[in-house]
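Read-outs throughout are calculated quantities, based only on the coordinates presented, and are distinct from any laboratory measurement. This structure is a prediction, so every number in the text was calculated from the model and none was measured. Cβ placement follows ideal geometry from the backbone for every residue including glycine, while neighbour counts extend to all protein chains displayed.
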Amino acid sequence: MRFCPKCGTRMQLAKEESGEFLICPRCGYKARLEGDLLVPVAKLQKSPRDKITVIREEEARLRTLPTVQVECPRCGNNQAYFWQVQTRSSDESATQFFRCTRCGYTWREYG
Ligand SMILES: [Zn+2]
Ligand SMILES: [Zn+2]
């Protein structure tokens with residue numbers, strides 16, 4: 001049993017996609033258990049301009065990807081993240097993946 005370091009309320013265990021967390025039902029303090037250590041997890045902030053924003057892992061991974069001007073076949077947005085996946089045999093060309101920065105639609109192109 002753990003207590004919130006901020007307000008002393010008993011924290012509740014919450015299971016999420018990225019693992020188990022302890023959440024204070026009173027003040028919303030959220031932490032992850034690492035061994036016996038309570039590691040605070042910053043709350044998701046909505047402003048994309050905030051440099052200290054902590055974003056979900058998936059988004060964090062995408063933020064590191066370069067973007068390219070290409071039209072999204074779904075929403076017509078003209079910017080997408082892109083990355084390449086090399087197929088097993090090196091003589092085949094890599095598959096180019098795109099993911100729309102607006103709607104998240106993912107598609108690919110060969111060669
Ligand atoms: Zn609390
Ligand atoms: Zn789109």
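Of Thr87, Thr95, how do they rank once you tally other Cβ atoms within 10 Å and put the fewest first?
Fewest-to-most ranking of Thr87, Thr95: Thr87, Thr95.
Once you have all Cα-Cα distances for region 65-110, histogram them in 5 Å bins from zero and send the whole-percent values.
6, 26, 28, 18, 11, 8, 3
Would you mind computing, in nm to one decimal, how far apart the modelled labels at Cys7 and Cys103 are, each placed 7 Å from Cα along Cα→Cβ?
4.1
Could you give the nm distance between label points at Glu34 and Arg61, where each point is 7 Å from its Cα heading toward the beta carbon?
2.0
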